[in-house]
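Notes follow once the structure below has been shown.
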Amino acid sequence: MSFAHNKGRAEALTKQREREKEDFERQKQLLAKETELKVAAITNKFAARVDAVEDKLKSETVGLVTLDDFTARRARLELERAKQVAAAKLAAEEMEKSQNAVAPPKAKVVTGALSFNMDDEEEEGDGGAASEDGEDSEDSSSDEGDSNQATDEGAPIKRAAEETAEDAAKDRSKKLKLMKNPEVDTSFLPDRQREEAERQEREQLRAEWFDQQERIKNEEIDIVYSFWDGSGHRRVAKVKKGYSIAKFLDTVLDNLRKEFHELRTVSSDGLMYIKEDLIIPQHSTFYDFIVTKARGKSGPLFDFDVHDDIRMTHDASVEKQESHAGKVLLRSWYERNKHIFPANRWEPYDAEKTWDKYTIK
């Protein structure tokens, strides 16, 4: 009993699965047909000419063909196709023109003339004169007299109308001017002309400022320095204010290599420049120190004139206008002697650090 019941249930489930499978296949076919129709509609819009050219090209190029021959044939077929499309378009335009020519003309709508429209009055005057001529064509002598009288009477009317129009335009301009209060400050309102003038003025001032700074950078100054190898050897180098410390050290090397043999194999990277007990970085320029009025531990960094050692004549703890001669030395010497005086006083330059305890008197 149970076996027969299970067998019937299995057959029912099998039939149900077959029906579901048939429904699924039917829906799948419907979706595929709809997709094919949509794709065909799109491709027909955009690829009709290409398909025609490609089919013709495939029929003409059979076997191995060179690239030049293939390109020439393709160009020829595309040109022929373009000519056919242009001819069809031209025929369609001619047909449309012929249909428009056969169509009856639209009735012209005549609008009523305004009382102050002078052009319409002139046209009406011309039409009235023509009608008067037609009505008085029976009597030639009376026709000439009426036309001359109409012309003489129309001139002052025309002049009066023109004067009235000019007066009305003046009144309108006066009303527009009276709408603005000249005493109100309108500088905060956007004004394109004023903004453009301000922009041009800013650009001009900016260009002038850059030109002025370039002239300052090209000015030459005398840098007093001392080559330090344990004792000082004072020299003078003429450089421009825009020179960097590295370029200044190159100039110093050119001047000192003849006197000091240890400098013959050294580059500017092997030298250091010490100014007012500060180690000056080689990327800095003299122009930077002059413009910012930079200060060191024992004097100004922007003064490069010749002065005696102020430690011999003044209190070293108080900064004066006088400055020390900068020291040029080998980096290897500094590494060997940085634990003893005066190298133990030197420290790297920091633009953000200030020396408040030194004051200019």
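The values are calculated or read from the model by the stated rules, or taken from the named source; none is laboratory data. Just so it is clear, the structure is predicted and the values come from calculations on it, not from any experiment. Neighbour counts are summed over all protein chains in view; Cβ atoms, including those assigned to glycine, are modelled from backbone coordinates with ideal geometry. Heavy atoms of the whole protein, side chains included, go into the accessibility calculation; ligands, DNA and RNA do not. Shrake-Rupley method; radii C 1.70, N 1.55, O 1.52, S 1.80 Å.
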Length released on extending from Ala169 to Arg331, taking residue separation times 0.36 nm less the Cα-Cα span: 49.6 nm
Would you check the accessible area of Glu18, probe 1.4 Å, heavy atoms only, in square angstrom rounded to 10? 100
Quick check: net charge around Val266, other residues with Cβ under 13 Å of its Cβ, Lys/Arg +1 and Asp/Glu -1? -2
Which value in nm describes the separation of the simple spin-label points at Val236 and Ile221, placed 7 Å from the Cα toward the beta carbon? 1.6
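For the cross-link pairs Lys241/Lys353; Lys240/Lys293; Lys293/Lys338; Lys258/Lys297; Lys258/Lys327; Lys297/Lys327, which exceed 21 Å when the distance is taken from alpha carbon to alpha carbon?
Details: Lys241/Lys353 23 Å; Lys240/Lys293 17 Å; Lys293/Lys338 28 Å; Lys258/Lys297 33 Å; Lys258/Lys327 19 Å; Lys297/Lys327 14 Å.
Correct reply: Lys241/Lys353; Lys293/Lys338; Lys258/Lys297.
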